[in-house]
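What follows is a set of notes on a single structure, which appears directly below.
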Amino acid sequence: MSEAAAVVLRPWEEPFWKPAKGRELVLAYLVLIHVLGIVGLVLYPIPSLPVLTITLVAAMLGGLGTTVCFHRMLAHRTVKLNPVLENFLIFCTVFNGSGNPTSWVAFHRRHHARSDTPDDISSPKHGGFWWAHLRWLYQNPPESLEKWAPDLNKPIYHFWTRMETPIVVGSLLCGLFFGWEGFFWMGALRMVYSLHGQCAVNSLTHLGEHKGDSSKNLWWLGPLQLAAWGENWHRNHHSQTNSARFGWKWWQVDIGWYFIRAMAAVGLASDVKVPKKQLESV
C-alpha cells in the first residue's frame, strides 16, 4: 500500500457534501428542510397569527424537551422526570427534528468526554465553525450506544429510535391542515429555525478560550433560542456538568431551570442536582 493510500482523513477533512456511512438520510433531511424553508419564505414571508402561534409553541416545546429531557436528564442525569412527562418531552423533541434520545445522548457524552480534542465530535477548534455548526451532524458516523449510553439500552428508548422517521415525516406534513402556508411555516421553517438555534450551542458557544476550554456564555443568544432555552450559558454548564441549573446568576435567564423547579414543585420532577452555592443564589 502506498503512503498516500494509507492516509486516513479526519471527518472534517472530507468534502463537505460527503456524508458518513449510515448518515445519508440526515444529509437528505437537512437539504430538504432548507430548500422547503427558502421556498416557504418566498411564498409566505409573513405568516398568519394562528400559524405563527402554533409554530412557536411547537418550537418551544421541542426546545424544552431538548434542554430539560435530552440534555439535563438523559445525558447528565441531573434530574429525574415523571415517566409521562419524560416521554411527552421526548416526543416533542423528536417532532422538532432534534433526533432520538439514544443517538443524541451518545453524541453528547462523547463531546464532553473528548471536549476540544480531535475526538470531539463537534469541535470548532479542529473542524472550524461550519463543522461544529452543521457538518458533524451528517459527517460523523453513528455513535456507539454500548460505549456512551448503555443506560439507554432499554425498550422505551429503542421505541423512540424506531419512531423517529415517521414522527419527523409527520412533523414536516402536519401544517397542511392549515394549507400551504401552514405546511411551510409549521413544518420546514420551524425545523430550520430549531436546528440552527440548537446548532449554535456547538458552534457559537465554543468559540471562546478559558484555560484550554473553548466553551463560553453568550447572553444575546438566549432571546433568539426558543429551540433550547438556557443552553446559551454554556461555559457555566461545562464548568459544572453535574448541575441541572445553567443560569447561575439572577439575570442569567434559564427557562429550562425554571421549568424543572416548577415540575419539582408539583411532584413531576425529583432528584434535582444543583450545587448548594447555586441554590443559595436563586
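The values are calculated or read from the model by the stated rules, or taken from the named source; none is laboratory data. Every value quoted in this text rests on a predicted model; they were computed, and no experiment measured them. Every residue, glycine among them, receives a Cβ derived from its backbone with ideal geometry; neighbour counts consider all protein chains shown. Accessible surface is based on the protein model in full, side chains and every heavy atom, while ligands, DNA and RNA are left aside. Shrake-Rupley method; radii C 1.70, N 1.55, O 1.52, S 1.80 Å.
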- Would you check which residues across the stretch 151-192 are aliphatic (A, V, I, L, M) and free of Cβ contacts under 8 Å to residues at least 40 places away in the same chain and list them? V169, L173, L176
- Do we find a residue being open to solvent by less than 30 Å² (accessible area, probe 1.4 Å), closer than 22 Å to G22 by Cβ and without any contact (Cβ under 8 Å) to a residue 24 or more places away in the chain anywhere in the stretch 121-131? yes
- Could you tell me which residue of the stretch 127-160 is modelled with the lowest pLDDT, considering only residues that are among the polar types (S, T, N, Q) and closer than 19 Å to L195 by Cβ? N140
- Query: Restricting attention to the stretch 194-203, does a residue exist that is touching an Asp or Glu at 6+ places or on another chain (Cβ under 8 Å), free of Cβ contacts under 8 Å to residues at least 24 places away in the same chain and open to solvent by less than 30 Å² (accessible area, probe 1.4 Å)?
  - Reply: no
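In the stretch 262-282, what residues are of a type outside the set (V, I, T) and modelled with pLDDT of 95 or more? Even if it seems obvious, please write down each step before you answer.
The initial filter retains those residues of the stretch 262-282 that are of a type outside the set (V, I, T), namely 262-265, 267-271, 273, 275-281.
Residues satisfying the conditions are A262, M263, A264, A265, G267, L268, A269, S270, D271, K273.
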- Specify which of the listed residues (F91, F70) is open to solvent by 60 Å² or more (accessible area, probe 1.4 Å), under 30 Å from G247 (Cβ atoms) and assigned to a helix (DSSP H, G or I). F91
- Message: Suppose we filter G175, G187, G179, G212 for residues that are open to solvent by 20 Å² or more (accessible area, probe 1.4 Å) and modelled with pLDDT of 95 or more; which single one remains?
- Response: G179
- Here are some conditions: (1) under 20 Å from the mean Cα position of the chain (by Cα); (2) farther than 23 Å from T55 by Cβ. Q225 meets all but one. Which one does it not meet? (2)
- Which of the helices (runs of 4 or more DSSP H) contained wholly in the stretch 160-277 include at least 2 residues that are touching a His at 6+ places or on another chain (Cβ under 7 Å)? 190-203
- Look at R114 and say whether it is farther than 30 Å from L268 by Cα, among the basic types (K, R) and over 14 Å from the mean Cα position of the chain (by Cα). yes
